[in-house]
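The values are calculated or read from the model by the stated rules, or taken from the named source; none is laboratory data. A quick note: this is a predicted structure, and the numbers were derived from the prediction, not measured. As a convention, Cβ positions derive from the backbone with ideal geometry for all residues, glycine included, and neighbour counts pool all protein chains shown.
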Amino acid sequence: MSDRPEQLYLDQLDPAADLAELSTLEADLDAVEAALRRLDDGSYGTCEECGAALGGLDEDPLARRCPDHVDR
Ligand SMILES: [Zn+2]
């Protein structure tokens, strides 16, 4: 079932999301595609700055950086 990170993410999307959220969704789509590339190259689930294993992927399957390096 929903064992792929992008599917976990898509399951959370509200199909009735209003237009104002579209730009955010497009940015998120970029993040999904980036996550897929990271799955392909084996770097998924690790911080792209320091390579540390990331926790909390159940809550945020698109996480790319550890708490020390997250830029938001
Ligand atoms: Zn890091």
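Residues of the stretch 53-63 that are more than 15 Å from residue 8 (Cα to Cα) and surrounded by 14 or more Cβ atoms within 10 Å (Cβ to Cβ): 54 alone. Hey, any hits in the stretch 39-48 for a residue that's in a loop (DSSP other than H, G, I, E, B), more than 16 Å from the ligand (Cβ to nearest atom) and at pLDDT 90 or above? Yes: the stretch 39-48 contains one or more residues that are in a loop (DSSP other than H, G, I, E, B), more than 16 Å from the ligand (Cβ to nearest atom) and at pLDDT 90 or above.
Exactly one residue among 27, 31 is surrounded by 14 or more Cβ atoms within 10 Å (Cβ to Cβ) and either without any contact (Cβ under 8 Å) to a residue 12 or more places away in the chain or not in a loop (DSSP other than H, G, I, E, B) (or both), and that residue is 31. May I ask you to list the residues in the stretch 39-72 that are among the basic types (Lys, Arg) and touching an Asp or Glu at 6+ places or on another chain (Cβ under 8 Å)? Scanning the stretch 39-72 gives 64, 65.
Among residues that are out of contact with any Cys (no Cβ under 7 Å at 6 or more places or on another chain) and in a loop (DSSP other than H, G, I, E, B), residue 64 is included.
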